[in-house]
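S.K.: Mind having a look at this structure? Questions to follow.
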Amino acid sequence: MTTAPWRTYLVRYGEIGIKSPAIRNRFEKRLIMNLEEAFLARGIEGAVEREWGRIYVKARETPEVLGVLTRTFGIVSASPAEEIPATMEAMCSEVAARSREIMGPNQSFAVRARRTGDQAYTSMDVQKQVGSAIFNANAEKNPRVDLTEPDVEFFLEVRPDKAFFYRDVYPGPGGLPLGTQGRVTAFIEHPESALALWLVMRRGCTVSPLAFEPVSEELREALTALADWAPGLKVATVRVPEAVRGPLARRRFAMEVMRRYTRGRRAYAVVVEDDFRGAARYAGFDEHTGGFPVFRPLVGYVGARRDRLVRAVGIGPLLGGALSGGDAEAPIPENVGDLAKEALFDMGSFQVTPRATRGPLEEARL
C-alpha cells in the first residue's frame with residue numbers, strides 16, 4: 001500500500017486576529033491545542049506550527065485532514081499548499097511548471113498574491129511576473145488573463161523566508177476556538193439541540209449538555225454528527241419522575257434540574273433549543289434557572305439561514321417539523337424542586353463517539 005505524501009496546509013483565522021496581542025496569543029495556542037487533540041482522536045499523524053498571523057499544519061495528504069481543519073471552530077479557511085522559495089525566479093518557474101498540468105485550451109486565469117515581509121518586490125509585482133510566466137508556459141493553449149471570473153486561479157502567499165503556492169480554499173466555520181470562553185450547560189431534547197450547541201460552541205463556549213432519559217435515537221445521531229466538531233463530547237442524563245407530565249411540567253422540571261446542574265458545573269448560562277415559537281412559549285420559565293441567563297441561539301435562524309446551519313452541522317435527515325409544543329396535560333408538581341434534586345442524585349452519562357471524519361466541509365458560511 002502506497003503511503004500518502006506529506007503536505008503543508010495553510011490555516012486561516014479571522015476574528016482571532018482583531019484581539020489584543022495577549023488575547024490573540026492565548027486564542028492561537030488554544031486553536032493549536034484543539035487541532036492537535038482532533039488529530040489525535042482520529043489517529044492522524046501531523047504537526048501544527050504557527051507564525052504571526054498564520055498557522056501551518058504538516059500532515060499526510062488525506063481527506064481526513066481537511067475534514068478536521070474545516071470542522072474546527074476558529075478556522076475561517078484552509079488550503080493544501082506547496083512550499084517554494086520566496087524568490088521571484090523560483091516562484092515564476094515553479095508555478096509556471098505546475099500550470100502546464102492545470103491549464104486547458106482557451107482557458108482564462110488569474111494570479112492572486114499576498115505578501116508579508118520586506119522583500120524588494122510587491123504583491124502586484126508577483127502577480128504580474130508570475131502571470132507572465134504562466135502565459136508564456138502555456139502559449140500554445142491560447143491562454144487569457146481574466147481577473148474577474150477566471151477559469152483557473154493560482155494563489156501565492158509570500159512570507160519573509162518562503163512562499164506557498166495553492167489552488168483551493170476550503171471554508172471553515174469561523175468563530176472562536178472551542179474552550180476560549182466560559183462554560184455553559186445545555187438542556188437537550190430533540191435533534192435541533194445539536195444546532196443550538198453548534199452555535200454556542202462556535203462562539204468558543206465549552207458545553208456540558210444534559211438530556212432526559214430515554215434519549216431518542218434521533219438525538220443520539222444528531223449528537224454523533226456534532227461530535228465531528230467537538231471530539232470527547234459527554235452528555236449527562238436524568239430520569240423524569242412519573243409525577244412530571246406534559247410539556248409545561250417537563251419544562252419547569254428541566255429548568256429546576258438545569259439550575260442545580262449549572263451551579264454544580266460552575267457554568268455561567270443555560271442553553272436551550274427554543275426557536276422563536278419556543279422562546280415566546282417558555283419565556284416565563286426563565287426565573288426557574290435561579291438567575292442564570294438562558295441562551296436561545298436558534299431564535300434568529302429561520303428560512304435559508306437555518307437551512308445553511310443544518311447543512312453545516314449535517315443533521316438534515318434527522319429533523320422533523322416545528323418543535324413539539326401543546327398545552328399542559330397535567331399540573332406542575334408543587335415539589336418539582338425536590339424532584340429535580342433527587343433526579344440529579346441518580347444522574348447518568350454517556351460519551352458521544354464521532355463518525356469517521358469525512359472530506360472537507362462543503363458549506364460553513366452562515
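The values are calculated or read from the model by the stated rules, or taken from the named source; none is laboratory data. These figures come from a predicted structure and were not determined experimentally. Heads up, the Cβs are rebuilt from the backbone with ideal geometry, glycines too, and the neighbour counts pull from every protein chain shown.
S.K.: Do any helices (runs of 4 or more DSSP H) lying entirely in the stretch 250-366 carry at least 1 residues that are at pLDDT below 90 and more than 28 Å from Gly174 (Cα to Cα), and which ones are they?
M.R.: 276-282, 336-345
S.K.: Still on this structure: Go through the stretch 35-114 and tell me which strands (runs of 3 or more DSSP E), entirely inside it, have 3 or more residues that are within 17 Å of Glu157 (Cβ to Cβ) and without any contact (Cβ under 8 Å) to a residue 60 or more places away in the chain.
M.R.: On the way: elements: 46-51, 54-60, 75-84.
Where strands (runs of 3 or more DSSP E) fall fully within the stretch 35-114 and carry at least 3 residues being within 17 Å of Glu157 (Cβ to Cβ) and without any contact (Cβ under 8 Å) to a residue 60 or more places away in the chain, they are 54-60.
S.K.: Ok, one more. Taking Ala97 and the conditions (1) in contact with a Gly (Cβ under 9 Å, 6 or more places away or on another chain); (2) closer than 30 Å to Ala133 by Cβ; (3) loosely packed, with under 13 Cβ neighbours inside 10 Å, which numbered condition does it fall short on, given that it satisfies the others?
M.R.: So Ala97 meets the others, but not (1).
S.K.: A follow-up question, please. Tell me, yes or no, whether the stretch 195-214 has at least one residue that is part of a loop (DSSP other than H, G, I, E, B) and either buried (at least 23 other Cβ atoms within 10 Å of the Cβ) or of a type in the set (Asp, Glu) (or both).
M.R.: yes
S.K.: Now, a different point. If you take the residues of the stretch 150-190 that are in a loop (DSSP other than H, G, I, E, B) and acidic (Asp, Glu), which of them is surrounded by the most Cβ atoms within 10 Å (Cβ to Cβ)?
M.R.: So, considering only residues that are in a loop (DSSP other than H, G, I, E, B) and acidic (Asp, Glu), the one surrounded by the most Cβ atoms within 10 Å (Cβ to Cβ) is Glu189.
S.K.: Count, please, the residues in the stretch 244-275 that happen to be of a type in the set (Asp, Glu) and more than 25 Å from Arg202 (Cβ to Cβ). Give the derivation first.
M.R.: Taking the stretch 244-275 first, the residues of a type in the set (Asp, Glu) are 256, 273-275.
Cutting the leftovers down to more than 25 Å from Arg202 (Cβ to Cβ) gives us 256.
Of the residues in that region, 1 qualify.
S.K.: From the set of residues in the stretch 236-249 that are part of a loop (DSSP other than H, G, I, E, B) and in contact with a Lys or Arg (Cβ under 9 Å, 6 or more places away or on another chain), which is surrounded by the most Cβ atoms within 10 Å (Cβ to Cβ)?
M.R.: Here the residue is Val244.
S.K.: Could I ask something else about it? With the condition kept exactly as written, say whether any residue in the stretch 206-219 is closer than 18 Å to Arg259 by Cβ and among the hydroxyl-bearing types (Ser, Thr, Tyr). Working first, answer last.
M.R.: Taking the stretch 206-219 and keeping what is closer than 18 Å to Arg259 by Cβ, we get 207-212.
This time we only want the ones that are among the hydroxyl-bearing types (Ser, Thr, Tyr), so: 208.
Yes, that holds for at least one residue.
S.K.: Can you spot a residue in the stretch 103-120 that is under 30 Å from Pro354 (Cα atoms) and out of contact with any Asp or Glu (no Cβ under 8 Å at 6 or more places or on another chain)?
M.R.: No, the stretch 103-120 contains no residue that is under 30 Å from Pro354 (Cα atoms) and out of contact with any Asp or Glu (no Cβ under 8 Å at 6 or more places or on another chain).
S.K.: Here is a further query. If I filter the stretch 120-149 down to residues being among the small types (Gly, Ala, Ser) and either loosely packed, with under 12 Cβ neighbours inside 10 Å or at positive phi (or both), which single residue comes out as nearest to the chain's Cα centre (by Cα)?
M.R.: Ala120
S.K.: Here is a follow-up. Hey, could you check the stretch 123-165 for residues that are out of contact with any strand residue (DSSP E or B) (no Cβ under 7 Å at 6 or more places or on another chain) and hydroxyl-bearing (Ser, Thr, Tyr) and say which is farthest from Arg98 (Cα to Cα)?
M.R.: Thr148
S.K.: Can you tell me which of Pro171, Pro150 is out of contact with any Cys (no Cβ under 7 Å at 6 or more places or on another chain) and within 25 Å of Ile23 (Cα to Cα)?
M.R.: Of Pro171, Pro150, the one residue that is out of contact with any Cys (no Cβ under 7 Å at 6 or more places or on another chain) and within 25 Å of Ile23 (Cα to Cα) is Pro171.
S.K.: Of the residues Ala110, Ala78, Ala86, Ala90, which is among the aliphatic types (A, V, I, L, M), surrounded by fewer than 16 Cβ atoms within 10 Å (Cβ to Cβ) and either within 30 Å of Thr180 (Cα to Cα) or in contact with a strand residue (DSSP E or B) (Cβ under 6 Å, 6 or more places away or on another chain) (or both)?
M.R.: Of Ala110, Ala78, Ala86, Ala90, the one residue that is among the aliphatic types (A, V, I, L, M), surrounded by fewer than 16 Cβ atoms within 10 Å (Cβ to Cβ) and either within 30 Å of Thr180 (Cα to Cα) or in contact with a strand residue (DSSP E or B) (Cβ under 6 Å, 6 or more places away or on another chain) (or both) is Ala90.
S.K.: Given the residues Ala254, Ala230, Ala267, which is the only one that is within 18 Å of the chain's Cα centre (by Cα) and buried (at least 21 other Cβ atoms within 10 Å of the Cβ)?
M.R.: Among Ala254, Ala230, Ala267, only Ala230 is within 18 Å of the chain's Cα centre (by Cα) and buried (at least 21 other Cβ atoms within 10 Å of the Cβ).
S.K.: Give Pro160, Pro150 a once-over and let me know the one that is closer than 16 Å to Met91 by Cβ and touching a residue at least 40 places away in the same chain (Cβ under 8 Å).
M.R.: Selected residue: Pro160, the only one of Pro160, Pro150 that is closer than 16 Å to Met91 by Cβ and touching a residue at least 40 places away in the same chain (Cβ under 8 Å).
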